[in-house]
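Data block below; observations after.
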Amino acid sequence: MSVRVVVVDDRRLVAEALASALRVRGHRVLGAGAPAGRGADLVVGKQPDVCLLGSREPEAPGALDPVRRIRRECPRVAVVVLGPVPSPRGVAAAFAAGARGYVRHDERIEGVERAMVKAKAGEAAVAPQLLRDAFAELLHPRSGVEAEGARLAALLTEREADVLVRIVEGEDTRRIAAGLGVAPSTARTHVQRLLTKLGTASRLEAAALAVRTGLADHLAARDGARGA
């Protein structure tokens, strides 16, 4: 199914590359540009079926203003937000602003197409579990620190979560390796990847972050649910 679409992103090259890929696949791209704030202007002028609106920080103040304007002035146009690894709070904010979908920036082109078609048909273009989490966030919003802990927990794989729990418990590389059943060099690689993902410089800093934000509690609860 061919879709009439406008593509905007905070990065012009991203918008143009996505627009080119969609044209090759038979979609009618009515416009492409940057930054994402121009999205509303393009939509009002072009009247597409769908607007793909890419943002590096959808939760930043004002980032979703174009979505609100499109919803207000062009209610029949379906907006799909393209963003980073989504958190329930970010997806909730996108839907609250009037978006009909949320897709990760690193999604394959086939996934973007499916989201466009679903959004055009009036359906929610987002993974079911993420949608449930988003509505839960809308109904019971978490505040500051707790929300940050939940966001960080959602970023971690099971292996990374296991490594972090062991770090919080004070295990050294040898004990982490033994607990994971891997070589010490592999354990060190897991630790470094975890520190990079959390944006921390040391194990001590990662442990402090986990405790301060409640991330450690989220991981403990997740482990408990998995073992139940």
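The values are calculated or read from the model by the stated rules, or taken from the named source; none is laboratory data. Since we're looking at a predicted model, the values are computed, not measured. Using ideal geometry, Cβ is built from the backbone for each residue, glycine included, and neighbour counts are taken over all protein chains shown. All accessible areas refer to the heavy atoms of the entire protein, side chains included, with ligands and DNA or RNA removed. Shrake-Rupley method; radii C 1.70, N 1.55, O 1.52, S 1.80 Å.
Values as computed for the structure displayed
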{"item": "Residue match in the stretch 147-157 (condition: modelled with pLDDT of 90 or more and part of a helix (DSSP H, G or I))", "result": "no"}
{"item": "Residues within the stretch 179-223 that are surrounded by fewer than 16 Cβ atoms within 10 Å (Cβ to Cβ) and not in a helix (DSSP H, G or I), tallied", "result": "6"}
{"item": "Within the stretch 34-68, tally of residues that are within 19 Å of Ala115 (Cβ to Cβ), without any contact (Cβ under 8 Å) to a residue 60 or more places away in the chain and β-branched (Val, Ile, Thr)", "result": "2"}
{"item": "Of all residues in the stretch 22-39 being at pLDDT 90 or above and open to solvent by less than 90 Å² (accessible area, probe 1.4 Å), the one that is farthest from Val79 (Cα to Cα)", "result": "Gly26"}
{"item": "Answer residue from the stretch 107-145, given it is touching a helix residue (DSSP H, G or I) at 6+ places or on another chain (Cβ under 8 Å), open to solvent by 60 Å² or more (accessible area, probe 1.4 Å) and in a helix (DSSP H, G or I) and is modelled with the highest pLDDT among those", "result": "Phe135"}
{"item": "Matching residues in the stretch 1-17 - criterion: being under 19 Å from Arg100 (Cα atoms), open to solvent by 10 Å² or more (accessible area, probe 1.4 Å) and of a type in the set (A, V, I, L, M, F, W, C)", "result": "Met1"}
{"item": "All positions within the stretch 40-59 that are open to solvent by 20 Å² or more (accessible area, probe 1.4 Å) and over 13 Å from Ala97 (Cα atoms)", "result": "Asp41, Leu42, Val44, Gly45, Lys46, Gln47, Asp49, Arg56, Glu57"}
{"item": "Residue list for the stretch 157-194, restricted to those being under 16 Å from Glu205 (Cα atoms), among the charged types (D, E, K, R) and free of Cβ contacts under 8 Å to residues at least 12 places away in the same chain", "result": "Glu169, Glu171, Asp172"}
{"item": "Test: residue in the stretch 45-58 that is aliphatic (A, V, I, L, M) and at pLDDT below 90", "result": "no"}
{"item": "Subset tally (residues that are modelled with pLDDT under 85 and at negative phi) for the stretch 184-201", "result": "2"}
